[in-house]
1. Looking at the P(r) of the range B:171-228, how many percent of alpha-carbon pairs lie beyond 16 Å?
2. Which log10 I(q)/I(0) values, to two decimals, does the range A:45-100 give at q = 0.22, 0.28 Å⁻¹ under the Debye formula with one point per Cα?
3. Just to check, using Stokes-Einstein with a Kirkwood Rh over alpha carbon pairs, what's the diffusion coefficient of the range A:93-212 at 4 °C and 1.567 mPa s in µm²/s?
4. Calculate the dipole size of chain B relative to its Cα centre from +1 charges on Lys and Arg beta carbons and -1 charges on Asp and Glu beta carbons; express the result in debye to the nearest 20.
5. Using the Kyte-Doolittle scale, which helices in chain A average at least 0.5 and also have C-alpha atoms spread 27 Å or more along the helix axis, with helices defined as whole DSSP H runs?
6. Cross-link list C:LYS179/C:LYS224; A:LYS138/C:LYS224; A:LYS251/C:LYS357: which exceed 27 angstrom alpha carbon to alpha carbon?
7. Using only the Cα atoms of the range C:240-382, build the gyration tensor, take square roots of its eigenvalues as a ≥ b ≥ c, and label the shape rounded, prolate or oblate: rounded if a/c is under 1.5, else prolate if a/b is larger than b/c, else oblate.
8. Compute the Cα gyration tensor for the range A:1-108, then decide on rounded, prolate or oblate, letting a ≥ b ≥ c be the square roots of its eigenvalues: rounded whenever a/c is under 1.5, prolate when a/b is larger than b/c in the other cases, and oblate in all that remain.
Amino acid sequence: MTTHAVPPPGFGRRLATWLHRHPRLQLGTLLAGPVGWLVIAYLGSLAILLLNAFWTTDSFSGRVVPTFTLESFQTLLTVEVYRTIALRTLGMAVAVTLTDILLAFPIAYYMARVASRGTRGFLVVAVLMPLWGSYLVKVYAWRVILQGNGLLDWALEPFGLSGPGLNQVANSWVVLSYLWLPYMILPIYAGLERIPGSLLEASSDLGAKAGTTFRRVIVPLVLPAVVAGSIFTFSLTLGDYITPTMVSHTKFIGNVIYDNSSLGSLPLAAAFSFVPIIVMVAYLLIARRLGAFESL
Amino acid sequence: MLESGWVRIGLRIMTGVTLAFIYLPLVVLAVYAFNASRSQVWPPAGLSLRWFAEAATSGSVLEALGTSIVAAAGATAIALVLGTALALAVQRYRFFGRETISFLVILPIALPGVVTGIALAATFKTIGIRFGLPTIIIGHATFCVVIAYNNVLARLRRLPRSAEEASADLGADTWQTFRRITLPMMRTALLSGGLLAFALSFDEVIVTNFTAGPGTETIPLWILSAIQRPNELPVVNVVALFLILLSVIPVYLAQRIGAETATVTR
Amino acid sequence: MRRLRIPTIVATIGLMVAACNTSVPEGALTELPEAEDALNLVIWVGYAEDGSSFPEFDWVTPFEAETGCQVETTDGVDSANMVSLMATGQYDGVSASGDATLRMIAAGTVAPVNLSLIPNYEGVFEALKGQPHNTVDGVPYGVPHGRGANLLMYNTDTFTEAPTTWDAVWDASSPAVGKVSIYNYAIYIADAAMRLMNTNPDLAITNPYQLNEEQFNAAVDLLKEQKEIVGEYWGLATDQITSFGSGDMLAGTTWQYQYNTITADDPDAPVGITLPEEGSTGWSDTWMIAKDAAHPGCMYRWMNWMLDPETSAMATIYFGEAPTSQAACDAAETILDGAYAGHCETFHATDEDYFSKIKFWTTPQADCADDDEATTCKDWDAWVQAWTEVTGS
């Protein structure tokens, strides 16, 4: 065996070796980018915004005056309409999440465990394609359907009924459930797919009927995926202001924040932002406990 | 097959109903794309292709399309790099704050877009960055990171370290191992994460509304402005229809990739 | 056919030489800079048309050709949106309504204007000069775009005769109950105050925008009553174009723009428009220049351009409001092959009597915008909060 002179290691190789010997530094280089971005850029911006909640505005010029005060929070707690809006939004988020779970489960189950390979592929594409259709356009299409003398009224006319028109908060429920449905179908589908068929067979071998198998085997296994999907439906509903404005003329948390985000009322917008932030942080903590983060 | 016949029929029906529900507004949209008049009343007055012609020749539509694609590509690229780095760090090392990081990375997408938008806009203004394509990309990348992170992390968990160890034993340094062993094994995760991030960025309107500058319009911003103008409102339907039909390509690709992964890991 | 205009800079130099004794407000430019190559504007939809909606309505392309300033516009969804956009510092100018102007002036977002640099300002109607919503302590902050009133649009099948009062949108016995369409913005509280001026003189409301506690609460209560009969709170003009065009809404507050668009689409549409006897709120939007604008030369040229008689005629014909000068009225008779002759009569452009019944949008201020130190009024924050209360519950 002939020996060849080994060329001296290049810069890249030496750097790699050095980093390998200093694993903490290697970790540091990996983390620098993302952590810097998330913590400094994102969290920093968020913190500054939330800080505004504790300030007030000069009533004449509308400029924010950085003196510590709790008056924004006081307003939110004492004026009844803000409570109404917050509860309405939270209620809507729960309703939409439950609706989406109920709608998503059958189709996801069908796709994951019953459909043939070809059908499954077709269904996945069919479910995903609308995600690419613009959010705004889908909302507007629903508006056309739900508006007075729109498609719904036209369809109900032969029966002598008429649709609710655009002044109903239920419209938001329908449209929001519609919009976030694919975000619920996909994780549930993925979760159901991961369940090995052998488990279900074993359960039936042990004498469990379909209902029991479902309740005691499938549901616990797919729960993290359901919770993962619900993170999207819940958070997207909490912050939306475009859909409520366009199809139901009612105000949600997002509307109040948006309406107040211009000069002069930023403290109120910032204070109200605490509501969805606290709710979502709590929700995320619970979701993580239930293992949803692995199923995202 | 454990499900009884009745259950299967029921599932088929529900699937059909859900699909009909999903596609109802899209069908309405398609009908209106051929609407002969400008107004949005139902039923449409007649059928015509005039809005297709308008869309094809509209400079602002094409410009918005270009801006959207560039912004989405930029955001996806940044998200993939940051997400992969973060996933590698979290999966392979133990360090202080590891649990918190995975919580932190999901925040931008879990918190309301209006809050993220206002916060970022205020920061950009304070720093003095000119609003435009870069600020849009920064905004989008922030919530796209989690998509890349999740996909890569899920894949890394399933990857055997043995291949990488073997590579190191054979004398490869860190970059070579990464480039030749790890990256190819992660490829499908990167692709599916990247596609989803691209779609998310392409359609984002709320954060974009706050971080865009004058003269920079993405497709969603163009739509937001077009629905206020009676003459452009119908063009919106055409553009949306076109985007949905075009999306078959990436969606189909993503599905094929996903199917490959599924068979590989089973 | 557009007539060739004197290059602005020659005219301006002439004016500068001639008007040395005109005082220049502090913070305003003292001389007209060279035209830059771009101009970024925040506008109401329809205020800067470039022919893409209707080929004959285009006053942006000629401006670009003449000055070399490429115009980029961003539509403001509402006044609050415009204020936010201007606060980013990314724009050179804005077509601001009266509820936004004073806020931006106080916040220092916009700069005073040196009117001697805008030759076309001389011809503007006296009644439009020095308006309280764009002039502070005698310092001008912009030039007017036009003026118009918030009108009552009604379905002609339901109202066979044109309504003469605003009862159609306030009364529980109105034929339009449940199908009333109201502008979704806090400034509408002033319309409630105007209603009270007629129905409840005890409150002694003289200025519907500066309301003390008692007057304000009465207005808000009236709005909560009105909510029972309201069918929609419209935010975008296209909302109403659809809701009235489809026959869904039967009466409501509107801008001429919606009516023009509905009847352009369908001349037989059963809609009518009128100004009730009690008068109404209105708006006279102002073109304002941003403080430290990146393209001040272009912005001043734009302000001058918008006061040009032909531009003013075309822009106000398009949107449906009264133009800013007699010269514009004259131009409106012949512009576009005389298709819009009579424009100024329709919009009462020279009828100061008519406009005395219109209370233009302005910003509610805590000091009531008067010299009396003892009076306090509700400020804009209170208006926004109250509006959230009315529409949010």
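1. It works out to 61 percent of all Cα pairs.
2. Log-scaled intensity ratios, in q order: -0.90, -1.03.
3. Approximately 77 µm²/s, per Stokes-Einstein.
4. 440
5. Length and hydropathy pass: A:80-109, A:169-194, A:219-239, A:266-289.
6. Listed pairs above 27 Å: A:LYS138/C:LYS224; A:LYS251/C:LYS357.
7. oblate
8. Taking the square roots of the gyration eigenvalues as a ≥ b ≥ c, the range A:1-108 is oblate.
Bear in mind these aren't lab numbers, they're just calculated from the coordinates by the rules spelled out. Bear in mind that the values here come from a model prediction, so they are computed numbers and not experimental data. Methodologically, a virtual Cβ is constructed for each residue, glycine included, from the backbone with ideal geometry; neighbour enumeration extends over all protein chains shown.
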